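Q: Shown below is the structure under consideration.
The values are calculated or read from the model by the stated rules, or taken from the named source; none is laboratory data. Remember, predicted model here, so these are calculated numbers, not experimental data. Backbone-built Cβ (ideal geometry, glycine too); neighbour counts: all protein chains shown. Accessible surface areas use protein heavy atoms only, side chains included; no ligands, DNA or RNA. Shrake-Rupley method; radii C 1.70, N 1.55, O 1.52, S 1.80 Å.
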There are 2 protein chains.
Amino acid sequence: MRERKKQATREALRTAALRLALKHGPDNVRVDDIAEAAGVSPRTYNNYFSSREQAIVAAVTAQRASQVAAAVLARPAEVGLADAVIDAVVGQYADQGEHAPEALLMIAASPALRACYVDTVTTIEGPLAEAITERCPDVDRLTAQVLAAGLGAAAKVALRQWLQSADVAPSMPGFVVPSGSLPDLVRAALTPFAPALDAAAVGPPAADPR
Amino acid sequence: MRERKKQATREALRTAALRLALKHGPDNVRVDDIAEAAGVSPRTYNNYFSSREQAIVAAVTAQRASQVAAAVLARPAEVGLADAVIDAVVGQYADQGEHAPEALLMIAASPALRACYVDTVTTIEGPLAEAITERCPDVDRLTAQVLAAGLGAAAKVALRQWLQSADVAPSMPGFVVPSGSLPDLVRAALTPFAPALDAAAVGPPAADPR
DNA sequence: GCGCAAACCTGCGTGCACGCAAAAATGTGC
DNA sequence: GCACATTTTTGCGTGCACGCAGGTTTGCGC
């Protein structure tokens, strides 16, 4: 019951942060404003989010981590690890939720928000590693962690590039329209790791014969 | 000639930061102290380093980025990309410089410093990507970036684990002795990516026949 | 209901990162 | 050597993150 309230506060902070940021622009929102809008003290804000941008971004990326893990395990057992994992991650960026378009535009326009948004990919690495070991119990812990981290890093590269493709053009402020399909870019970024994933899934303890 | 002076200031700040941190403990050093010891204003400090920990850590990791890139290109052309790259990265953690032992101990003991130290691995990713494309001009830019990022992520996992292996044991403060060989750990962390590296080096544009 | 322990929220104080604009230092053409 | 354009340094002000030490709420056993 206590947990209920905590999640509620989290949610309130997230949505308040996003709403205010969209309304007044990301630089014209102070932490105090968000806290007040959510009905908590400014100090409490930092018990939930350790930076100002984090709350705004969290409104968009809230349950990505758990979704990815679930998606990996949801793939039929026949498909290889590489396909399962890559499809799962790509799927996360296929459907950006409801009000995401405007939010993403704002995030793309602000360097600080961009960086924070890209960093949230890190949160999927833990669950992803667990999902990998669950699907392939033979790969050892370190390898699973490393593979998950590698995939996360690849996704970050893709995200960064997609978000950046905006401000290369000397466009007027607000005119940031990331070009190309994000899912395609993510898939392209993850594909180089397919050999590593399949190799790990097949013969983890096999010392290479030399 | 101007560049000279900047590098000198950087160096002064780095060494001053490390010296003071070792002397008084990492938490008892303010940026004002470091700045004063280096003979610049506190504000200038933040023109060179964007966080307090960064200067301390930089004293240990200063030219790692360029060294890795050089090491990759130094390997004879016959050895595969995977071996070349992995050896180069592992080599970076084989010989910790002169006064590193005590510095590393301090870094391992402070969570903030640990995080910052791990983050410096990011700086090698750019040069590493360049080195990869230089060695294998056929791999496209995105793939090279992704591979470099993946390797960086793997190295971070290894580093984090090594540094953390200390405070698992309920040891008394200061008694943090990372166990096991760091180079071995790093190699183990990077090895899962070997198949991906070799696959990229061999047939990058080959669409998989289906 | 009642008291108690744990978890949580809050105010305060400190140190820090960084934008901004003026001042100082460093090169450049003449 | 002298005026000038650039780059660096610096002081100042603001907002932010977080440790700490109470006060407040929440849930549990009785």
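Q: Among A:Gln161, A:Val68, A:Gly80, whose Cα projects farthest towards the positive end of the dipole of the stretch A:63-202, with charges put on the beta-carbon of Lys, Arg (+1) and Asp, Glu (-1)?
A: The residue sitting farthest along the positive end of the dipole is A:Gln161.
Q: Turning to a different aspect of this structure: For the stretch B:2-57, what D do you get in µm² per second when you plug the Kirkwood radius from alpha-carbon pairs into Stokes-Einstein at 20 °C and 1.002 mPa s?
A: The Stokes-Einstein estimate is 197 µm²/s.
Q: With each pseudo-label sitting 7 Å past Cα toward Cβ, what's the A:Ser51-B:Asp33 distance in nm, one decimal?
A: In this crude spin-label approximation the distance works out to 2.7 nm.
Q: Let me ask something additional. Just reorder B:Leu128, A:Leu73 by solvent-accessible area, largest first, 1.4 Å probe, all chains present.
A: Descending accessible area places them as A:Leu73, B:Leu128.
Q: Calculate the dipole size of the stretch A:1-137 relative to its Cα centre from +1 charges on Lys and Arg beta carbons and -1 charges on Asp and Glu beta carbons; express the result in debye to the nearest 20.
A: That gives the stretch A:1-137 a dipole magnitude of about 580 debye.
Q: Oh, and also: At 1.4 Å probe radius, can you tell me the per residue accessible area of the stretch B:1-153 in Å²?
A: 50
Q: Would you mind finding the longest exposed-site-free stretch of chain B, with exposed GluC sites (Glu not before Pro) meaning DSSP loop and at most 10 other Cβ atoms within 10 Å?
A: Between exposed loop sites, the widest span is B:99-210.
Q: Charges on Cβ only, +1 for Lys and Arg, -1 for Asp and Glu, centred on the Cα centroid of chain A; of A:Ala103, A:Leu185, A:Thr44, which one is farthest towards the dipole's positive end?
A: Of the listed residues, the answer is A:Thr44.
Q: Also, I was wondering about something else. When each copy gets a label point 7 Å from Cα toward the beta-carbon at B:Ala115, what are the spacings between them in nm, shortest first?
A: Reported distances to equivalent positions: 1.3 nm.
Q: Another one. Within the set of other residues whose C-beta is less than 12 Å from the C-beta of A:Val79, count the net charge using Lys and Arg as +1 and Asp and Glu as -1.
A: Value of the local net charge: -2.
Q: Put a point 7 Å out from Cα along the line to Cβ at B:Asp140; what are the distances to that point in the other copies, in nm, shortest first?
A: Spacings between copies for this position, smallest first, are 3.6 nm.
Q: What are the nm distances, shortest first, from B:Lys5 to its equivalents in the other copies, labels at 7 Å along Cα→Cβ?
A: Label point to label point, same position, other copies: 5.9 nm.
Q: Using a 1.4 Å probe over the heavy atoms of the protein chains, calculate the carbon and sulfur portion of the accessible area of the stretch A:63-202 as a whole percent.
A: 58
Q: Now for a separate question. So what's the gap between the Cα centers of the stretch A:1-29 and the stretch B:105-144, to the nearest angstrom?
A: Value for the Cα centre distance between the two parts: 34 Å.
Q: In Å², rounded to the nearest 100, what is the total accessible surface buried by chains B and A against each other with a 1.4 Å probe?
A: 1600
Q: Take the Cα coordinates of the protein assembly as shown, assign each an equal point scatterer, and use the Debye formula without solvent to give log10 I(q)/I(0) at q = 0.08, 0.09, 0.11, 0.13 Å⁻¹.
A: Here log10 of I(q) over I(0) equals -0.50, -0.64, -0.98, -1.35.
Q: Counting each DSSP H run of 4 or more residues in chain A as -39500 (n - 2.57), what helix-only mean residue ellipticity at 222 nm follows after dividing by all residues, to the nearest 500 deg cm²/dmol?
A: It lands at -21500 deg cm²/dmol.
Q: Find out how many positive minus negative residues lie around B:Ala55, taking Lys and Arg as positive, Asp and Glu as negative, among other residues whose Cβ is under 10 Å from that of B:Ala55.
A: Counting the neighbours of B:Ala55, the net charge comes to +2.
Q: How big is chain A by Rg and Dmax over its Cα atoms, in Å?
A: In order Rg, Dmax, the Cα atoms of chain A give 19.2, 66 Å.
Q: Can you give me the distance in nm between label points at A:Glu134 and B:Ala94, each placed 7 Å from the Cα along the Cα-to-Cβ direction?
A: About 4.1 nm separates the two model spin labels.
Q: Put A:Thr15, B:Thr9 in order of accessible area, largest first, 1.4 Å probe: what do you get?
A: Largest to smallest exposure gives the sequence A:Thr15, B:Thr9.
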